[in-house]
Structures are given as structure tokens and as C-alpha cells.
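Student: If you scroll down you'll find the structure; I have some questions about it.
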Amino acid sequence: MPGAPDDARARRRAWAPLVDLRDVAVAVVTTAVGLGVGVAVVDGVSAVTPWGLLLTTLAVGLGDLLLREPLRALARLAGAGGALVTGLAAQVAVVWGALAVVPGVAVSSPWSVLWVLVVTAVVMAAGRWAWGASDNAYVVADLVRRARRHARRGDGQGRTAGGEDPAGARPPGLLVVQLDGVGADVLDQAVDAGLVPTMQRWVEEGTHRVVPWWASVPATTPASQAGLLHGAADAIPAFRWWDRGLGRLVVTNRPDDAALVEERLTDGAGLLSGGGTAVATMFSGDAASSYLVMSRGRRHGLGPGPGYVAFFARPFVLARAVTVTVAEVVKELYQARRQRVHDVRPRVPRGGWYVLLRAVTNVLLRDLTTSLVADALVRGDPVVYVDLVDYDEIAHHAGPTRPESLRALEGLDQVLRLLEQVALVAPRAYEVVVLSDHGQALGATFAQVEGRSLLETVRALMAEPDVAGVQSAGGEPWGPLNALLTSTLGRAGEAVVVGPDAGDDRARGRARARRREDASAPRVREHGRAAPAGTGGEVPDVVVVGSGNLGLVWFPAWPERPTLEDLGERWPALVPGLAARPAVGLVVVRSRAHGLLAVGARGVRALEVDGDVVEGDDPLAPYPGRARADLVRAARLPHTGDLLLVSAVGRRGHVHAFEGQVGSHGGIGGPQNRAFLLHPAGWAVDDARCAPVDGERMLVGADAVHHQLVDWLRAAGVRP
């Protein structure tokens with residue numbers, strides 16, 4: 001567990017009862033003030049004296065206490081959806097009942113009660129902001145107080161109020177917090193800017209060390225989480241890909257596709273096997289309990305219902321989260337306008353659904369996941385893994401080192417501080433590991449540099465501008481929301497999908513293919529364009545996918561991956577034309593004679609022969625030293641593209657995403673591949689698992705980090 005020296009722990013233990021009393025008093029006063037404002041401005045509710053408001057506040061607290069266990073029992077039967085519905089109803093009922101029974105207070109309708117809830121939440125959120133308090137501490141405040149009371153009583157496990165375990169009575173545990181997209185260099189900047197004081201304190205007090213690790217190509221969340229949670233990063237070639245066997249795109253932020261992928265990669269012994277819990281991840285890690293996990297969205301829904309009661313049923317908690325979510329919308333509108341007014345470059349549009357997506361992801365879902373993780377710690381689950389996507393979401397649209405992106409780390413650090421407080425009083429002696437899955441690199445998009453999309457470029461070089469094609473838009477940030485919607489609204493056999501990938505060109509490409517069937521019949525028969533049995537319909541001639549600055553191109557007409565010679569016979573201008581584009585750094589293609597080749601604008605390098613076999617200028621020269629090994633690995637993965645494109649890299653490490661992102665990851669170049677690992681100082685990284693990267697030894701690939709985590713779990717006694 002991240003901890004302070006012994007004297008600091010002793011002080012915390014001594015002051016714990018007074019801290020609890022102070023927190024309760026503050027909560028009562030702020031709630032009473034909020035209720036007072038609500039009663040004053042909402043028609044249909046009135047109070048004669050201030051004492052009536054104070055009594056109402058106490059009655060609300062008592063009602064919440066009495067209903068808590070019945071609601072948890074009901075949630076066990078009704079699930080997360082039932083917890084949401086009954087929780088909202090319970091909030092209104094508790095406040096209505098309190099207003100109705102307290103002398104001197106009158107209420108006319110449940111609508112008035114609902115508006116009192118909203119106004120009170122707004123006032124309380126504004127008060128916390130003005131006071132400078134953590135904007136989500138209220139989510140776990142009651143949970144921490146109850147855990148402290150159990151700890152002071154010993155809870156039958158020998159614990160003290162400060163969470164210490166002097167006799168070794170508490171079994172060990174591990175909490176892993178993933179800060180999505182936060183590169184090692186960005187973390188250093190955040191430390192210097194004073195935005196991550198919790199992590200900075202852990203390092204300065206000597207309880208933790210921070211080291212970089214190398215996120216191999218494809219440097220995406222699905223590949224990294226497949227590695228971190230299952231040790232199976234090789235199962236995923238990109239964020240989305242064409243599956244020749246299925247005859248369609250597989251998109252990992254769609255719950256049904258995520259489930260399909262996990263079935264292929266899991267061996268049942270993932271990082272969270274043996275009773276662990278996964279929260280807001282793409283894959284489950286073979287956890288016993290999962291909440292908001294993409295791959296289990298269809299089969300398991302949102303997860304066990306009781307975990308949601310603390311968030312959905314407690315008065316003002318959900319209402320305050322919704323209030324701050326609305327404030328986040330306003331903040332995003334202001335920050336986007338600021339970039340436009342000051343002509344910040346490079347930049348991408350930040351309107352449309354993204355505005356709401358950022359608010360929901362960075363406030364509502366963050367508060368919900370914080371509550372779920374805290375509940376898992378208080379339950380004593382042996383290993384808990386959570387993915388926090390706040391920074392990654394903003395950095396894609398604002399840029400990885402822009403002010404609003406860095407400020408997102410401040411909120412994530414507050415979550416770590418809250419979870420630290422919960423870990424102090426949990427029934428297990430938790431150690432905490434914080435890591436990222438990749439970094440991000442800044443740069444103008446491919447379309448901004450070239451003036452057209454990658455699909456349009458490929459069509460032009462094929463000399464077939466009307467060829468039936470699929471281009472999948474970027475939709476990574478929609479993952480958590482897709483999991484939530486599918487779990488709550490999806491029906492059997494039907495996935496609920498929102499975001500750019502919900503409207504990709506697959507259907508339009510097939511329609512064009514059917515319209516052109518007669519005119520292209522000889523070519524169709526020659527290349528076998530018919531879709532695999534059971535897929536229903538034709539496959540397109542070309543599929544183009546952007547995964548950050550990694551572009552992948554497939555030609556589904558070929559039953560297997562075509563070679564450079566095949567493509568040269570059919571479209572002689574395609575590969576050299578792509579390599580010559582200003583926004584493209586190199587194209588990886590398979591040759592019959594020489595294996596994998598990296599083709600640049602002025603040179604070619606053989607990737608699978610001994611030594612440096614280069615004709616002309618080395619296309620790998622602008623890239624990190626791991627480029628050759630990473631590209632060979634990526635180009636040999638199952639389902640990988642027939643062509644792999646990596647964008648050009650500028651002298652400042654700027655790249656060009658093949659999707660609409662000013663901050664991107666997925667390929668190689670710039671700081672996107674340098675992730676970080678913050679681990680307990682007493683847990684050493686095994687040097688035998690490390691490899692040299694540009695003169696520095698570090699863990700290479702998410703699989704290596706997975707095996708290191710498993711070694712630590714075994715050494716700590718958490719895992720047999």
C-alpha cells in the first residue's frame with residue numbers, strides 16, 4: 001500500500017475519529033445549505049425555520065442509512081439496471097419523506113422534490129469547487145467512514161484505524177490503476193507542474209519508483225490491455241481490423257467484437273483470475289467480478305448490482321455527478337473556442353458528440369468507476385484493475401501536452417488519493433501499481449497534410465477512384481459508453497453502438513460493390529470476391545483503417561495476404577506512390593523474394609534478413625531503435641494489414657494520424673511508445689525481462705509487463 005512513514009501513519013490513526021466527525025459535520029452543514037437554497041428557489045416546497053432544514057438533513061441521512069442494506073439486497077436480484085432505477089426512486093423517496101415528516105417543512109409534489117435534489121446538488125458541487133476540495137471525494141466519503149469504523153473495531157482481522165497490519169493479519173492485495181494514454185514524458189511534465197501530488201509524494205517518500213516501459217506496435221489500448229491483462233498482445237493487430245475469415249471489420253470497442261476477441265486470446269489464467277475484479281476495461285483478465293467491462297457487456301451486463309448502490313442510491317451523489325458533468329460540457333466548449341480564437345495549431349474540430357462524450361467519460365463514468373473500485377477494495381477482492389480514460393480522451397482532441405490535457409491528470413491524481421484512503425482501511429493490505437498502456441504523439445492529421453483521406457489516396461493510386469471501399473473512422477473513446485449502452489439498452493442479438501464506427505463505410509461499400517457487380521464480374525471471379533459463408537453479401541475491394549499514425553490496408557479480394565509482386569502486377573503505382581506521400585514515412589509489405597520490406601520515398605530496407613540491407617536512404621532512420629523489431633512483429637501478427645503504413649515523423653517527434661486526432665497513438669514515432677510503470681519500491685523489475693531501447697533497459701511490450709505483475713503477485717503471496 002502506498003504509505004507515509006510510521007509517524008505519519010500514527011498521526012492518521014490518532015486523528016481518524018476526529019476526521020470522521022469533521023467530515024460528517026461538514027457533510028451535514030453543506031447538505032443543509034444546499035437544501036436551504038433548494039427550498040428557497042423551488043416552488044411547492046417551503047420551510048418555516050432553519051432548524052427544519054437541519055432536521056431534514058438529519059432525516060435524509062437516517063433514511064439513507066436505513067435503506068442501504070435493503071437496496072443492496074434488491075440489487076443482487078435486479079442487477080445494475082435495477083440498482084439504477086431503485087436507487088433514483090430511493091433518492092426521491094428519502095428526500096420527499098424527510099421533507100414530509102419534519103415539522104415546519106411542507107412539500108406539494110414529487111416533481112418539487114426532484115428539483116430540490118437538483119438544486120441542492122448544484123449548490124453542493126459549487127461549494128466544493130469554491131472550497132477547493134476534491135471534486136469527487138464525496139463519491140467514496142461515506143464508504144471510507146464506514147470502513148474506518150470497521151477498522152477501529154478491528155473487524156476481526158487485527159487492523160487498526162489507520163489500516164496498519166502490525167501482526168501481518170491482513171492478507172495482501174493489489175490495486176492496479178491504468179491511466180490511459182499517459183506517456184512517461186507527460187508524467188514527468190505533470191510532476192514538474194504540480195498536477196500529480198499524490199504520485200509525486202509516493203516517489204519522494206520512497207514508497208514507489210517510476211520506470212518507463214515500451215509499448216510495442218500497435219501501441220493501442222486493446223493490444224496493451226490484451227497484454228497487460230492476459231499476456232496475449234499478439235492477438236490484436238490494431239484497434240480495428242479486417243478479419244478475412246469473418247469477412248468483416250472487427251472493432252474492439254464494440255462489446256460483441258470484444259467478447260469474440262477475448263474468447264480467442266484468454267487461457268483462463270489472466271491477471272485477475274482467482275477472484276479479481278475488473279472495472280471499465282476492454283477485456284476481463286479472467287476476473288471473477290467485472291463492471292463496465294467491454295468484453296462482458298453482452299453476457300454479464302454492467303456487473304453485480306450491489307456495487308452500484310453506493311453511487312446510484314445515495315442522496316445527492318448521482319445528482320452531483322450529473323451537475324459536474326454539465327459543467328464539464330461548458331468547460332469543453334470554452335477550451336475548444338479558446339483554441340480556435342488563438343489559432344492553436346495543429347488542432348482538430350472538437351464539436352458534435354465529443355463534447356458530451358468528454359463530459360460523461362471524465363466526470364460521470366470516472367465518479368462511477370471510483371465508487372466501484374472503492375467498493376471492491378472494501379470487499380477485499382485480491383486484485384483490482386481499473387482503467388481511467390480521462391486524459392486519453394482529451395489529449396486525442398486537444399493534444400497530449402496542451403493545458404486542458406495536462407489538467408486532466410490533476411483529477412486522476414485525486415482519484416489515486418481517494419483510493420489510497422480506502423486502501424488504508426481495507427480488509428487487505430493493498431499495494432498500488434499505477435501504469436499506462438501507451439503514450440501519445442502530437443501532429444497534424446494525414447488528411448490535413450494531404451488534403452484527402454487515406455482511402456481516397458489509395459483509390460487514386462489504384463487508378464480506380466470508384467472502387468468499393470471501407471474506411472473505418474476513429475471511435476476508440478466511445479468504448480466505455482458503448483459498454484454502458486449495450487449493457488442497459490441492448491437486446492438479445494443486437495448491439496448498441498455509438499460513435500464514428502457506428503457509421504463506417506462497410507454498408508455503403510457493400511452497396512457499391514453490389515451496384516458494380518455486373519460491370520466488374522470478370523474481375524470479381526478472378527479474385528474471388530465472394531464473402532465467406534455465413535457473412536451475407538459481398539466484401540469490398542479495399543479496406544483502410546487508421547490506428548493513430550499506423551495505417552492498415554487490406555485487399556479482401558485476395559483469399560490471403562498479397563505480396564509486393566502481386567500488388568505490383570495489379571496496381572504498379574500503389575506501393576511506391578504511398579511511400580512517396582509527404583505524410584507517409586514508410587510502407588511495410590511482404591515480398592516473395594526478400595520477406596518483409598520497409599519501403600520509403602527514397603529507399604528500401606529488408607526487415608527479415610541479417611544485417612542492415614538497405615538500398616538508398618534507410619526509411620527507418622527517423623524512427624526509434626526498436627522500429628525494425630516492432631514493425632516485423634506487427635507485420636506478422638494474425639489479421640494484420642496487407643500493407644502497413646507508418647506516418648512521417650518530424651524532427652520534434654510530430655506524427656500524422658490516419659484518423660481525425662491531433663494527439664494519437666498506435667504506430668511508432670515521437671513519445672507514444674514510452675509508457676510508464678509506477679510500482680512499490682520494494683518490488684524490483686526483473687532485468688532479465690528487460691531489453692535495450694535506445695540505450696536504456698526497460699520492459700518491452702505489454703506481455704512483459706503482465707508477466708512482471710504476475711511475478712510480483714506470486715512473490716507477495718496474492719497469487720499461488
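Derivation of every value follows stated rules applied to the coordinates shown; laboratory data play no part. On a predicted model such as this, the values are computed, not experimentally measured, just so you know. Positions of Cβ are backbone-derived with ideal geometry, glycine not excepted, and every protein chain shown enters the neighbour counts.
Student: Could you give each residue of the range 85-94 its phi-based ³J(HN,Hα) in whole Hz, using Karplus coefficients 6.51, -1.76, 1.60 with θ = phi - 60°, and x for Gly or Pro?
Tutor: 5, 5, x, 4, 4, 5, 4, 5, 5, 5
Student: Please arrange LEU265, LEU229, LEU418 by how many other C-beta atoms lie within 10 Å of their C-beta, fewest to most.
Tutor: LEU265, LEU418, LEU229
Student: Quote the Stokes-Einstein diffusion coefficient, in whole µm² s⁻¹, for the range 563-617, based on the Kirkwood radius over alpha carbon pairs, a temperature of 4 °C and a viscosity of 1.567 mPa s.
Tutor: Roughly 114 µm²/s, to the nearest whole number.
Student: For the range 558-563, what does the Karplus curve 6.51 cos²θ - 1.76 cosθ + 1.60, with θ = phi - 60°, yield as ³J(HN,Hα) per residue in whole Hz, taken in order and with x for Gly and Pro?
Tutor: Using θ = phi - 60°, the values come out as 7, x, 9, 4, x, 8 Hz.
Student: Averaged over all directions, how much area does the convex hull of the C-alpha atoms of the range 287-327 cover when projected, in nm²?
Tutor: The orientation-averaged projected area of the Cα hull of the range 287-327 comes to 3.7 nm².
Student: Could you state the number of Å between the C-alpha centres of the range 670-686 and the range 599-616?
Tutor: 32
Student: Then there's this: Provide the packing ranking of 639-651, 103-115, i.e. peptides ordered by the mean count of other C-beta atoms within 10 Å per residue, highest first. Could the numbers behind the result be given before it?
Tutor: Details: 639-651: 23.2, 103-115: 16.3.
Those peptides, ordered most packed to least, come out 639-651, 103-115.
Student: So how do TYR391, TYR385 line up by other beta-carbon neighbours within 10 Å, fewest first?
Tutor: Exposure proxy ranking, most exposed first: TYR391, TYR385.
Student: How large is log10 of I(q)/I(0) for the range 601-690 at q = 0.12, 0.13, 0.15, 0.26 Å⁻¹ when the intensity is taken from the Debye formula with one equal scatterer per alpha-carbon?
Tutor: -0.51, -0.59, -0.75, -1.44
Student: Starting from the amide H of GLU608, placed 1.01 Å from N in the peptide plane, find each other amide H under 5 Å away whose residue is 5 or more places distant or on another chain.
Tutor: Answer set, sorted by chain and number: LEU596.
Student: Sort 188-196, 701-709, 275-283 for me by packing, meaning the mean count of neighbouring Cβ atoms within 10 Å per residue, highest on top.
Tutor: Working: 188-196: 16.6, 701-709: 23.6, 275-283: 27.3.
Packing order, densest peptide first, comes out as 275-283, 701-709, 188-196.
Student: For the range 542-551, just list the computed ³J(HN,Hα) in residue order, Karplus coefficients 6.51, -1.76 and 1.60, θ = phi - 60°, integers in Hz, with x standing in for Gly and Pro.
Tutor: Going residue by residue, I get 9, 10, 10, 10, x, 10, x, 8, 9, x Hz, with x marking Gly and Pro.
Student: As a footprinting exposure proxy, order PHE658, PHE555 by other Cβ within 10 Å, with the fewest listed first.
Tutor: PHE555, PHE658
Student: Further, regarding this structure: For GLU659, list long-range residues whose amide hydrogen, built 1.01 Å from N in the peptide plane, is under 5 Å from its own amide hydrogen.
Tutor: The list, which skips near neighbours in sequence, is PHE446, GLY548.
Student: Ranked highest first by the average count of other Cβ atoms within 10 Å around their residues, in what order do 348-359, 317-328 fall?
Tutor: In decreasing order of mean packing, 348-359, 317-328 become 317-328, 348-359.
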